[in-house]
Amino acid sequence: MKIAVQTEPFDLAAEVEALYHDHPQVGAVASFLGITRDRNDGEGVAAMTLEHYPGMTERALERIVAEARSRWDLLDATVIHRVGALKPTDPIVLVAVAAAHRGEAFAACEFIMDYLKTRAPFWKKEATADGERWVDARESDDNAAARWVNRLAKP
């Protein structure tokens, strides 16, 4: 398992390959790559700054991945989240999950991302034409995470 909170860019291909290279039991890798957008709620965004609570953020991500592992038979997982100054088109987050079968990899990847959005301590500040503003939590993110509360990995 790899958990990283970092300012520097990551190599998507290298991170994904590390999950299955030399691991013949892996039959599927599902990944999510989040990209910094130039718009939010219809308004232009020139840049974004992400802040986190060092140590606490990594522990929160570790707990999220551990919960995913308790629900699905995962072979490995990688979560990398960038912090600091980002501009539109910069990769911001990678969640990649390796499993023997695609269903478990897809579900676990989606679960980790949904929980990351609501349970990991990150704060986003956007630079717009009207100045800087903090980004509020979204009800849609809470709803996405809530659907996993009573959902089991396997029927």
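Quick note: the coordinates plus some simple rules give every number you see, no bench work behind them. No experiment lies behind these values; they were computed from the predicted model shown. Glycine also receives a Cβ, built like all others from the backbone with ideal geometry; neighbour counts cover every protein chain displayed.
Note on segment 9-30: among residues that are on the phi < 0 side of the Ramachandran plot and free of Cβ contacts under 8 Å to residues at least 12 places away in the same chain, the one that is surrounded by the fewest Cβ atoms within 10 Å (Cβ to Cβ) is Pro24. Just one of the numbered conditions (1) part of a loop (DSSP other than H, G, I, E, B); (2) within 20 Å of Ala127 (Cβ to Cβ); (3) among the aliphatic types (A, V, I, L, M) is not true of Met48: (1).
Here's a check for you: in segment 113-130, which residue that is assigned to a strand (DSSP E or B) and of a type in the set (Lys, Arg) is surrounded by the fewest Cβ atoms within 10 Å (Cβ to Cβ)? Among residues in segment 113-130 that are assigned to a strand (DSSP E or B) and of a type in the set (Lys, Arg), the one surrounded by the fewest Cβ atoms within 10 Å (Cβ to Cβ) is Lys125. When Leu75 is tested against (1) surrounded by 17 or more Cβ atoms within 10 Å (Cβ to Cβ); (2) within 15 Å of the chain's Cα centre (by Cα), only condition (2) is not met.
Counting only residues that are within 21 Å of Gly44 (Cβ to Cβ) and either in contact with a helix residue (DSSP H, G or I) (Cβ under 7 Å, 6 or more places away or on another chain) or surrounded by 14 or more Cβ atoms within 10 Å (Cβ to Cβ) (or both), segment 131-149 holds 2 of them.
Here is a yes/no grid of residues against (1) without any contact (Cβ under 8 Å) to a residue 24 or more places away in the chain; (2) assigned to a loop (DSSP other than H, G, I, E, B); (3) over 21 Å from Glu17 (Cα atoms); (4) in contact with a Ser or Thr (Cβ under 8 Å, 6 or more places away or on another chain):
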residue	(1), (2), (3), (4)
Ile64	no, no, yes, no
Ser70	yes, no, yes, no
Thr78	no, no, no, no
Ala85	no, no, yes, yes
Val93	no, no, no, no
Ala98	no, no, no, no
Glu104	no, no, no, no
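Please verify whether Ala137 is in a loop (DSSP other than H, G, I, E, B) and either among the hydroxyl-bearing types (Ser, Thr, Tyr) or out of contact with any Gly (no Cβ under 7 Å at 6 or more places or on another chain) (or both), treating the condition exactly as stated. Spelling it out, Ala137 is indeed in a loop (DSSP other than H, G, I, E, B) and either among the hydroxyl-bearing types (Ser, Thr, Tyr) or out of contact with any Gly (no Cβ under 7 Å at 6 or more places or on another chain) (or both).
Of the residues making up segment 37-57, those that are in contact (Cβ under 8 Å) with a residue 12 or more places away in the chain and surrounded by fewer than 17 Cβ atoms within 10 Å (Cβ to Cβ) number 12.
The single condition from (1) within 15 Å of the chain's Cα centre (by Cα); (2) buried (at least 17 other Cβ atoms within 10 Å of the Cβ); (3) in contact (Cβ under 8 Å) with a residue 60 or more places away in the chain that Leu33 fails is (2).
Selection of segment 94-112 for residues being surrounded by fewer than 21 Cβ atoms within 10 Å (Cβ to Cβ) and not small (Gly, Ala, Ser) yields His101, Arg102, Phe106, Glu110.
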